[in-house]
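Written out below as C-alpha cells is the structure these notes cover.
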Amino acid sequence: MSQQQTHLVHRKLDIGVQKVPKQDASDRIQNWDETYLGFDLNAAKIEAQRCIQCPSAPCQEACPVSNDIPGAFALIEEGDILGAAEKFRETSNLPEMCGRLCPQEGLCEGSCVVGFAIRPDGHAEPAVTIGKLESFCTDFQRKELDGYPRPKYSPVSTERSIGIIGAGPAGLAVAEILSLQGHSCTVFEFWPEPGGVLVYGIPNFKMRKQIVDEYISYLESLGIIFKCGVYVGRDITVDEMLADEFDAVFLGTGAGVGNELGIEGENLTGVHRATDFLVRGNLTPAQLPEGLRDVLEKPKNVAVIGGGDTSMDCVRTAMRLGAENVTCVYRRTEAEMLGRGEERTNAREEGVQFDMLTAPLRIIGDENKHVTGVECQRMELGEPDDSGRRRPVPIPGSEFVIEADTVAIAIGYGADPVVPKTTSGLNASGKDLIEIDGSGRTSRKGVFAGGDNVNGADLVVTALADGRRAAEAISEYLLTLD
C-alpha cells in the first residue's frame with residue numbers, strides 16, 4: 001500500500017460513526033411506525049466514506065447473497081445513490097428488506113475491518129452501518145422512481161410454467177428471476193395476502209408493510225400470478241400441479257409451525273403461539289384467515305417465553321397493545337441469546353423487563369380457563385449442550401409465579417409436514433425438512449426447494465440466497481425439456 005493510500009485509510013478510520021436516528025421510546029410505543037427513521041443524504045454519504053474499500057471485501061464474503069458492499073458505498077460516497085441501489089439489486093431481490101431485517105452484526109458488519117481496526121490514537125469505532133445504508137439507497141431509489149425499478153424490455157415468453165409454493169423471500173425471489181427470463185410463474189400462498197414472513201412474521205415497527213406491498217405490485221406488473229388462501233398439500237398437491245399445469249415446482253413453504261413448551265396450561269385462553277399473537281397485533285382482520293380475526297384483548301401483564309428475535313417482536317408488540325407490564329422469560333443469560341442485540345436494546349428502552357435464567361414450569365389459569373400466571377423456576381448454567389451454549393440447570397426450591405393475563409410462546413419454529421407427506425418421491429428428514437442438493441434440486445424430478453423448509457427456521461437473507469440458487473437450477477432444468 002502506498003503512502004498516499006495509507007493516509008487515505010487513516011483519514012477514513014478517523015471518521016466517526018453516523019448515528020441512525022430513531023423514534024423516542026415514549027413516542028414509538030404509541031404507534032406502529034418503523035423505529036428507525038433512517039439516514040438523510042448527508043449522513044449516508046459520510047457513513048459510506050467510512051468504508052476503507054478492503055481489496056478482500058470480508059463484508060461481501062460474509063453476505064449470503066454476496067452483495068458488492070464496497071462498490072455500492074463508493075457510489076454513495078460519490079453521490080450516485082441510484083447507482084448504489086442498482087449495485088445492491090445486482091445480487092439481491094430484497095435489499096430494502098434485508099437492510100432492515102438482517103442480523104448484520106453477525107454477517108457483513110461483523111466482518112467489517114473498520115469495526116476492529118487499530119487506530120493510531122488507540123480509539124475504537126463501530127463497523128460501517130451497512131444495513132442502514134443498504135435500506136437508505138434502495139428507499140431513495142424507490143422514492144425517486146415512484147416504485148421498484150422496472151425492466152427496460154419485456155422478456156419473450158418461453159411458454160414454460162412454474163408453480164411456486166410460498167410467497168415468502170425464497171418464493172418471491174424465484175418468481176421474480178424466472179419471470180424476467182420469460183417463464184410464467186404462479187405463486188400459491190396459504191395466507192390471505194402474499195409476502196409470507198415479510199407480512200405475517202415481521203412487525204410494522206421493524207418494516208412497514210408498504211415496502212412489501214410495492215414489491216408485490218411490481219411482481220404482478222411482471223405477469224406473476226398470486227393465488228392466496230391455498231393450502232398446498234390439502235387444497236391441491238404438488239403431484240397434481242406437475243400433472244396438470246406446471247413444468248416445475250418450487251417449494252418455499254418456510255417453517256411456520258410454532259414449537260410447543262410441552263407444559264401444563266398451554267391451551268388456556270390468553271396463551272398464544274408467537275405468530276398468532278404477532279399477526280393479530282400487527283395486522284387488520286381482513287388480512288387474516290377467519291380463525292384469527294378476533295381482536296386481541298387489551299393485555300395488562302404479558303409474559304413472553306423465549307429469547308430470540310421473535311420473542312423481541314412479541315414483547316415490543318405487547319407494549320404497543322397497551323400492556324402495563326411486559327416480561328421476557330428466558331432460561332439462559334443474555335450472552336446466550338441468539339437474536340439481535342439492537343432489538344433487546346429497543347425493547348428495554350420501551351419498558352420491557354427481562355427475567356433471565358428462568359424457565360416456565362406450568363401456565364396457571366382460573367376457573368374460566370383463562371391464564372393468570374406462569375409458574376417458573378430459577379436456573380443456573382452448567383456444561384455446554386450440543387449447540388455449544390451452556391445448559392440451563394434447575395435450582396431446587398426456586399419456584400415463583402409471574403402474574404400474566406397474556407402469554408406468548410416464542411421458542412422457535414418447525415417445518416410444515418403436509419407438503420413432504422403428500423408429494424410422491426420427495427425425501428425429507430425427520431424434522432420434515434426437505435432434502436436438496438447444493439442447487440436446490442430435490443429427490444423428485446422437476447421439484448426444487450429452498451429456505452426455512454430446508455434449513456429450519458433461519459434468516460430472510462438465507463432464504464433469499466436459496467431462492468436465487470434454485471431459480472438458476474430451475475432455469476437450467478427447463479432448458480432440458482426443449
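The values are calculated or read from the model by the stated rules, or taken from the named source; none is laboratory data. Bear in mind the structure is a predicted one, so any value in this text is a computation, not a measurement. All Cβ positions, even for glycine, are placed from backbone atoms using ideal geometry, and neighbour counts span all protein chains on display.
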Kindly list the number of the only condition in (1) surrounded by 17 or more Cβ atoms within 10 Å (Cβ to Cβ); (2) touching a helix residue (DSSP H, G or I) at 6+ places or on another chain (Cβ under 6 Å) that fails for Arg389. (1)
Complete set of residues in the stretch 86-116 that are under 18 Å from the mean Cα position of the chain (by Cα), assigned to a loop (DSSP other than H, G, I, E, B) and over 28 Å from Leu180 (Cα atoms): Pro103, Leu107, Cys108
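Determine whether Glu297 is among the acidic types (Asp, Glu), modelled with pLDDT of 95 or more, in a loop (DSSP other than H, G, I, E, B) and at negative phi.
Answer is no for this residue.
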What pairs come up if the first residue lies in the stretch 198-210 and is farther than 19 Å from Lys22 by Cβ, the second is surrounded by fewer than 21 Cβ atoms within 10 Å (Cβ to Cβ) and charged (D, E, K, R), and their beta carbons are under 7 Å apart, counting only those six or more places apart or on different chains? Val199/Glu193; Val199/Lys209
Residue pairs meeting the criteria (Cβ under 9 Å; at least 6 apart or on separate chains; first at negative phi and at pLDDT below 90, in the stretch 97-122; second among the β-branched types (Val, Ile, Thr) and part of a loop (DSSP other than H, G, I, E, B)): Ala117/Ile52
Enumeration of residues in the stretch 87-139 that are crowded, with 24+ Cβ neighbours inside 10 Å and either of a type in the set (Phe, Trp, Tyr) or in the same structural domain as Thr310 (by TED's automatic domain parsing) (or both): Phe88, Phe136
How many residues does the stretch 325-346 contain that are assigned to a helix (DSSP H, G or I), under 27 Å from Ile395 (Cα atoms) and free of Cβ contacts under 8 Å to residues at least 40 places away in the same chain? 3
Check the stretch 239-255 and report whether any residue there is more than 30 Å from Glu472 (Cα to Cα), outside any strand (DSSP E or B) and free of Cβ contacts under 8 Å to residues at least 12 places away in the same chain. no
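If I filter the stretch 294-311 for residues that are within 20 Å of Phe190 (Cα to Cα) and out of contact with any Pro (no Cβ under 6 Å at 6 or more places or on another chain), do I get at least one hit?
yes
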In the stretch 214-235, the residues that are outside any helix (DSSP H, G or I) and out of contact with any helix residue (DSSP H, G or I) (no Cβ under 9 Å at 6 or more places or on another chain): Ile225, Lys227, Cys228, Gly229, Val230, Asp235
Filtering the stretch 259-314 down to residues that are surrounded by fewer than 15 Cβ atoms within 10 Å (Cβ to Cβ), touching a residue at least 40 places away in the same chain (Cβ under 8 Å) and of a type in the set (Gly, Ala, Ser) yields Ala286
(1) surrounded by fewer than 24 Cβ atoms within 10 Å (Cβ to Cβ); (2) of a type outside the set (Asp, Glu); (3) farther than 17 Å from Gly256 by Cβ; (4) touching a strand residue (DSSP E or B) at 6+ places or on another chain (Cβ under 8 Å): which one isn't true of Arg444, the others all being true? (4)
Criterion (out of contact with any Phe, Trp or Tyr (no Cβ under 7 Å at 6 or more places or on another chain), modelled with pLDDT under 95, of a type in the set (Ser, Thr, Tyr) and not assigned by TED's automatic domain parsing to the domain that holds Glu34) met by exactly one of Ser221, Ser154, Ser179, Ser184: Ser154
Among the residues of the stretch 449-464, are any small (Gly, Ala, Ser), at negative phi and in a helix (DSSP H, G or I)? yes
Can you list residue pairs whose Cβ atoms sit under 6 Å apart, with the first residue in the stretch 161-173 being crowded, with 24+ Cβ neighbours inside 10 Å and the second being of a type in the set (Lys, Arg)? Count only pairs 6 or more apart in sequence or on different chains. Ala173/Arg468
For the stretch 400-423, give me the residue count where each residue is in contact with an Asp or Glu (Cβ under 6 Å, 6 or more places away or on another chain) and in a loop (DSSP other than H, G, I, E, B). 2
Could you look through the stretch 320-374, keep only residues that are among the β-branched types (Val, Ile, Thr) and more than 25 Å from the chain's Cα centre (by Cα), and pick out the one that is farthest from Gly262 (Cα to Cα)? Thr372
If I filter the stretch 398-413 for residues that are modelled with pLDDT of 95 or more and more than 30 Å from Leu321 (Cα to Cα), do I get at least one hit? yes
Scan the stretch 202-213 and give yes if some residue there is hydrophobic (A, V, I, L, M, F, W, C) and surrounded by fewer than 15 Cβ atoms within 10 Å (Cβ to Cβ), otherwise no. no
Of all residues in the stretch 232-258 being at pLDDT 95 or above and surrounded by fewer than 16 Cβ atoms within 10 Å (Cβ to Cβ), which is farthest from His370 (Cα to Cα)? Ala243
Test for Val418: is it touching a residue at least 60 places away in the same chain (Cβ under 8 Å) and within 30 Å of Val326 (Cα to Cα): no
